[in-house]
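First the structure, in the form of structure tokens, and then the observations on it.
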Amino acid sequence: MSDPQSHPARALPSELDVVVVGAGFAGMYMLHRLRGLGLSAVVFEAGADVGGTWYWNRYPGARCDVESMQYSYSFSPELQQEWRWSERFAAQPEILRYAGHVADRLDLRRDIRLATRVTEARFDAASRTWLVRTDRGEAVRARFCIMATGCLSAARMPDIAGLESFRGATYHTGHWPHAGVDFTGQRVGVVGTGSSAIQAIPVIARQATQLTVFQRTPNFSIPSRNGPLDRDYEQWWKSDYPAHRARARGMRTGILYDANGAAEARDISALAVDEAEREREYAQRWARGGTAFMAAFNDLITDQRANDTAADFVRARIREIVRDQAVAERLLPHDHPIGTKRICVDTDYYATFNRPNVALVDIRQDPIQAITPAGLRTGTAEFAFDSLVFATGFDAMTGALLKMGIAGRGGQTLRAKWEAGPRTYLGLMTAGFPNLFMVTGPGSPSVLSNMMVSIEQHVDWIADCLAALRARGQDCIEPTAAAEEGWVAHVNTVAHGTLYPAAASWYMGANIPGKVRVFMPYIGGVGAYRQICDEVAAKGYEGMRLSSAGATAEAAD
Ligand code: FAD
Ligand code: NAP
């Protein structure tokens, strides 16, 4: 990857067709599509390089849990043929290199302004433009504003008393130092046991003298069985990438599980087979590794009894792996159905608790009282640390959007509009905010899917929409309140037909004190969702109001 500084961005014009916020995979592909349409565009990115998630999350062990052959762009046949992944699940440095390679190959950097945070975006009804301001004091007007700000980009430090007083080093997994951290010889505390912690803990445990894990909620984790990418498997993908990708796009999660025939998504109830067959199925998926475990049966996220069979299987594995049964019991997840919090994928997570230098503290039983200058205090014990790692997650889906001052028609702020929870039409737009698009916004499948599939689908839809507007001689699009109402209700109905709302998850906003609890992503599946979006477009953007400076045309609600 080339040095970002060696590709200085062009001077910023005061008026543009499009402003894009964020240069992760979403913003980068968006820029590429906008260029293809001949539109002028600039991308503002808070980080000092492209890559988004993979720029910020450099904690030890960080890697994808969607196989690399699928966690990659599909839009360019050359790109997907020429890039070679080294592992089944690529690690963060490799994914970041890939992002940099794409930026260089498509010459994206000249229109990306790095280390620049958008602070405000206001719609001006008179000129029908967005006025976007940055923390560098820049201001630019654009007809369209596209938020590619990421669902998991607003890292969240917990409000624990005394945090500032700690004399050692403090880290958040989502803002990891670029130089890396060597924990050799250190006493380390890790707060959190979500996906990030579950990846980081085994690696930190191998370096640290002593590692103490503070667990509030045990999570279900499936072994990744990661390893060097099998070259026959790579060849299988590359031999017909377009057809395989097309199949993946039709799946509920946008992931092809049966690529090697071992773990297809089975369209059969867990309760329709006998116990021996269920165990065989789970065991085979456990042995193969990865999130395909949850595709063993078609009712694992809709039927509690079916779900229990999968949860029991994983709990039995935890008891087998962890030698000290008191520790194993503490690691057993009981407070949510398996899969209703994002399922974790690990390398040696549970086995790490067999190490003599690793301890597990159940902070639900014995809550953290305060961070102290020397370390941390719970109700019953004092701990001394050299470093504290917070793997405490993100203000997901809405955090990055609401951090900016976004104001639509009549000065209404997005924060005010979403006070009772995010409201969107298709997760792409929100009523009262004309020409403002979101990539993988709340109300779309986003975080419940292979994000690369969802990102490409949204970017393509938005680009096609801008092209359609231009072809019709129109320059303004906004969902109607009625269409939005209908979509919000649909998203809710589908969510409540599943077990998901039973978990106090970040999908529900439950990890942020005071955040409204609504199920934010759309759980209808990426295949079905794509069809809905395509139909909306085919019907002349049904549910949207399209207009030009002169006249207004409303598509049917
Ligand atoms: P991001 O990559 O989050 O990029 C958004 C960018 O917007 C960021 O760089 C941010 O700095 C910038 N930004 C935000 N606000 C502003 C602002 N106001 N001004 C300027 N810039 C701003 N998904 C999967 O499908 N599979 C995986 O295996 C997977 N693993 C993950 C592992 C981790 C550790 C995390 C945190 C997430 C993971 N995800 C995974 C989800 C991941 O976020 C997406 O896959 C994908 O990278 C999102 O790309 P994006 O461009 O939409 O958002
Ligand atoms: P997370 O899933 O939200 O986990 C945060 C952890 O911190 C939870 O265990 C949480 O406990 C705990 N926590 C939060 N606030 C706390 C507090 N005040 N005191 C004590 N504990 C607290 O965050 P994450 O692990 O960063 O993962 C976020 C998402 O990013 C994942 O769900 C996934 O989508 C993505 N991700 C993917 C991968 C991958 O495998 N590819 C890796 C990392 C992240 P509670 O559960 O009790 O709230």
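The values are calculated or read from the model by the stated rules, or taken from the named source; none is laboratory data. Only a predicted model underlies this, so the values are computations on that prediction, with no experimental measurement involved. We place every Cβ from the backbone using ideal geometry, glycine too, and count neighbours over all the protein chains shown. Accessible surface areas use protein heavy atoms only, side chains included; no ligands, DNA or RNA. Shrake-Rupley method; radii C 1.70, N 1.55, O 1.52, S 1.80 Å.
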Point to revise | Spacing of the two label points (7 Å from each Cα toward its C-beta) at Ser269 and Leu402, in nm | key: 3.9 nm
Point to revise | Whole-number D in µm² s⁻¹ for the stretch 114-249, Kirkwood Cα-pair radius fed into Stokes-Einstein, 20 °C, 1.002 mPa s | key: 106 µm²/s
Check your understanding: Listed highest first by mean packing, meaning other Cβ atoms within 10 Å per residue, what order do 208-214, 459-465 come in?
Key -> 208-214, 459-465
Point to revise | Per-residue ³J(HN,Hα) for the stretch 459-468, Karplus 6.51 cos²θ - 1.76 cosθ + 1.60, θ = phi - 60°, Hz, x for Gly and Pro | key: 4, 5, 4, 5, 4, 5, 5, 5, 5, 5
Revision key, fill the gap. Carbon plus sulfur, as percent of the 1.4 Å-probe accessible area of the stretch 163-390, comes to 48 percent
Exercise for review: For the stretch 471-487, take each phi angle, set θ = phi - 60°, evaluate the Karplus expression 6.51 cos²θ - 1.76 cosθ + 1.60, and give the result in whole Hz per residue in order, putting x for glycine and proline.
Suggested key: 4, 8, x, 10, 9, 9, 9, 7, x, 7, 4, 5, 5, 5, 3, x, 5
Revision key, fill the gap. per DSSP, antiparallel bridges as share of beta bridges in the chain, % nearest 5, sits at 40 percent
Review point. What is the calculated FRET efficiency for Asp335 to Arg355, with r their C-beta to C-beta distance and R₀ = 25 Å, to the nearest 0.05?
Key: 0.45
Point to revise | FRET efficiency estimate (nearest 0.05) - Cβ-Cβ, Tyr233 to Met157, R0 30 angstrom | key: 0.15
Study note, to complete from the structure: Restricted to the stretch 163-390, the DSSP antiparallel beta bridge percent, nearest 5, is 20 percent
Study note, to complete from the structure: For the stretch 420-426, Karplus-derived ³J(HN,Hα) couplings (6.51, -1.76, 1.60; θ = phi - 60°; whole Hz; x for glycine and proline) come out as 9, x, x, 10, 9, 9, 6
Revision key, fill the gap. Between Asp366 and Gln325, the FRET efficiency computed from the C-beta separation at R0 = 22 Å comes out, to the nearest 0.05, as 0.70
Check your understanding: With each label point set 7 Å from Cα along the Cα-Cβ vector, what nm distance links Glu382 and Leu37?
Key -> 6.2 nm
Check your understanding: Taking the Cα-to-Cβ direction at Glu542 and at Gln284 and moving 7 Å from each Cα, how far apart do the two end points lie in nm?
Key -> 4.0 nm
Review point. Which of the trypsin sites (Lys or Arg not before Pro) across the stretch 57-116 are loop residues per DSSP, with 15 or fewer other Cβ within 10 Å?
Key: Arg84
Study note, to complete from the structure: Which residues qualify? For Val213, with a placed amide H closer than 5 Å and at least 5 residues away or on another chain, they are Val190, Ala359, Leu360, Val361
Review point. Straight-line reach from Lys403: which lysines have Cα under 21 Å away, leaving out those fewer than 8 places along the same chain?
Key: Lys417, Lys515
Review point. Residues in the stretch 108-131 near a label at Glu78, defined as backbone nitrogen under 14 Å from the 7 Å Cα→Cβ point?
Key: 108
Review point. Once amide H atoms are built 1.01 Å from N in the peptide plane, which residues 5 or more positions from Tyr73, or in another chain, come under 5 Å H to H?
Key: none
Check your understanding: Which residues in the stretch 424-450 place their backbone N less than 17 Å from a point set 7 Å from the Cα of Arg409 along the Cα-to-Cβ direction?
Key -> 424-426, 429-437
Check your understanding: For the stretch 163-390, what's the relative contact order in percent, using C-alpha pairs closer than 8 Å and at least 6 residues apart?
Key -> 36 percent
Review point. Measuring with a 1.4 Å probe in the full set of protein chains, what accessible area per residue, in whole Å², belongs to the chain?
Key: 38 Å²
Review point. Near the amide H of Cys476, under 5 Å away, which other amide H atoms are found, from residues 5 or more places off or on another chain, if H is placed in the peptide plane?
Key: Ser547
Study note, to complete from the structure: Filtering trypsin sites (Lys or Arg not before Pro) in the stretch 478-557 by DSSP loop and by at most 15 other Cβ atoms within 10 Å leaves Arg517, Lys539
